[in-house]
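J.: Below is a structure I'd like to ask you about.
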Amino acid sequence: MISEEKQKVLKLFAEGRRSYKLMDFVKAQACFEEALQIDPHDGPSRVYAERCRDLAANPPAEDWDGVYVMKTK
């Protein structure tokens, strides 16, 4: 059984992914950050929150296909 906290994290992550795909990186980042407040060890939310910070500062082209290109290793 999935705990109530984890269910909230999963819901926030799904909402964040929807916003991410719509290129609403500010809203997406807020969802991922809220998920991290509940579960600071949630790796996927951490990764997407970082990507959203980068994409909000450096928006992709309007025909963006959702693929994130890393600029550093």
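J.: Can you pull the percent of Cα pairs in the chain with separation above 20 Å?
T.: Value for the chain: 28 percent of Cα pairs lie more than 20 Å apart.
J.: A follow-up question, please. Taking other Cβ within 10 Å of each residue's Cβ, how do ILE2, ILE38 sort, fewest first?
T.: Least to most surrounded, the residues fall as ILE2, ILE38.
J.: Now a separate question. Would you be so kind as to identify which of HIS41, PHE25, GLN7 lies farthest towards the positive end of the dipole of the chain, taking Lys and Arg as +1 and Asp and Glu as -1 on Cβ and the Cα centre as origin?
T.: Going by the Cα projections, it comes out as HIS41.
J.: What does the charge dipole of the stretch 4-57 about its Cα centre add up to, to the nearest 20 debye, if the Cβ of each Lys and Arg holds +1 and the Cβ of each Asp and Glu holds -1?
T.: Magnitude of the dipole: close to 240 debye.
All of the numbers you see were taken from the coordinates with simple rules; none came from a lab. Keep in mind it's a predicted model, so treat the numbers as computed, not measured. Note that each Cβ is placed from the backbone with ideal geometry, even for glycine, and that neighbours are counted across all protein chains shown.
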